[in-house]
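Inspection log for the structure reproduced underneath, given as structure tokens.
The values are calculated or read from the model by the stated rules, or taken from the named source; none is laboratory data. If you're wondering where the values come from, they're calculated on a predicted model, not measured in any experiment. Cβ sites come from the backbone with ideal geometry, for glycine too, and all protein chains shown count toward neighbours.
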Amino acid sequence: MSVSPLLSACGLLVVLGNLVSIMSNSWMGVWLGMELNLFGFLIMMNPEGCCVAQGSIKYFIAQSIGSMLMLFGFFCVSQMFNSVGSLILVGGILLKAGVFPFHSWVPDVVIVSNWFIGCMILTWQKLAPFSLFSFFPSSWVLVMSLIFMSLVGCFGGLNQHSVRGMAVYSSFVHNSWLILSLFYSFGVFFIYYLVYSLSVLMFFLSCWVVSKSSLMSYSVSWLGMLSLLMLSGVPPFMGFFVKLIVMLSCPSILLIICLGGSIVSLKFYISFFYSMILNSMEKYSYFQLESSFLVYIFCSMNFVVGVSSLLFFMWCGIGFCVVKGLKITILEMKSF
């Protein structure tokens, strides 16, 4: 299947825009990169040229208001109104990222979009705005956003019967982990973001293959089950180990909020897993094996990461015991 030159150019703009925003040394360059990304992504949302008001128009309005807030924030900062300008600037970035209190547009857009666009909104389109949060470490606005993102995600997902809706509220819970990791280390944030994006990509791909748009659909795929377990963060999958990395590198009381959101969200993960396995077996449905190669790759990645992490923690434990034993021995020798 050939891709039109227009879509190829738009895809290049979407990628290039995020890279320009991340690598720019000025706020104007950040804004320019986000606008390039927006222009390309709007065409990708509506490639046929017909008016799709429920998705592309809502996305355009949210992103346009966010861009205006960012520009006004730049102006206030340049005029020495630093506190007001920073607050407006953070508000614009929160709106463009779809983070509390400006998160309500995300479910409306993702639920009515196709699988590819929904996956892009939940993964790639987050990268530039979330990277900018690192310029505002431990801001009280971001702390409040982290807390309410975890609460909205875990409780809002309990009523969802749509696959896309469940993925959106799951992403809200993961947003809280992403913001927390940014408070301490951009490297930890990027590792968590990569694993989360891979999980969402595989999950949306599997649902697209079997056309599973709601919990009442009885078709199921192995790839969907594995990616769902990664999203839930249960051991021994990669989702668990990246959360463990965040916990070890971010000593904060906010970890309790993130952990609580993840524990409550396990309820709708388990419900969805029940729909994919038990209901399918009761209805004598079948497992889709078109993506069996990806299943093998996915299993191998989780196995390698799990074994490597286990060996690493065992090595750290042995090293700690050896160092402690040497200290005790040295103290005993000094006492003589």
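Computed quantities for the displayed model
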| item | result |
| --- | --- |
| Set 182, 194, 198: member being in contact with a helix residue (DSSP H, G or I) (Cβ under 6 Å, 6 or more places away or on another chain) and under 29 Å from residue 23 (Cα atoms) | 182 |
| Subset of the stretch 172-198 that is within 24 Å of residue 104 (Cβ to Cβ) and in contact with a Leu (Cβ under 6 Å, 6 or more places away or on another chain) - its residue that is surrounded by the most Cβ atoms within 10 Å (Cβ to Cβ) | 176 |
| Residue match in the stretch 138-146 (condition: outside the structural domain of residue 13 (by TED's automatic domain parsing), outside any loop (DSSP other than H, G, I, E, B), under 14 Å from the mean Cα position of the chain (by Cα) and buried (at least 21 other Cβ atoms within 10 Å of the Cβ)) | yes |
| Flag for residue 74 being farther than 20 Å from residue 157 by Cα, outside the structural domain of residue 145 (by TED's automatic domain parsing) and aromatic (Phe, Trp, Tyr) | yes |
| Residue selected from the stretch 1-27 under the condition closer than 19 Å to residue 133 by Cα and exposed (fewer than 13 other Cβ atoms within 10 Å of the Cβ), by the criterion modelled with the highest pLDDT | 23 |
| Any hit, the stretch 239-252, residues being surrounded by 16 or more Cβ atoms within 10 Å (Cβ to Cβ), at pLDDT below 80 and β-branched (Val, Ile, Thr) | no |
| Members of the stretch 147-169 that are more than 17 Å from residue 98 (Cα to Cα), within 18 Å of the chain's Cα centre (by Cα) and crowded, with 20+ Cβ neighbours inside 10 Å | 163 |
| Qualifying position, being among the aromatic types (Phe, Trp, Tyr) and without any contact (Cβ under 8 Å) to a residue 24 or more places away in the chain, among 133, 100, 75, 116 | 75 |
| From the options 75, 116, 41, residue that is assigned to a helix (DSSP H, G or I), out of contact with any helix residue (DSSP H, G or I) (no Cβ under 7 Å at 6 or more places or on another chain) and within 27 Å of residue 170 (Cβ to Cβ) | 116 |
| Residue that is farthest from residue 18 (Cα to Cα), among those in the stretch 61-116 that are surrounded by fewer than 18 Cβ atoms within 10 Å (Cβ to Cβ), modelled with pLDDT under 85 and aromatic (Phe, Trp, Tyr) | 81 |
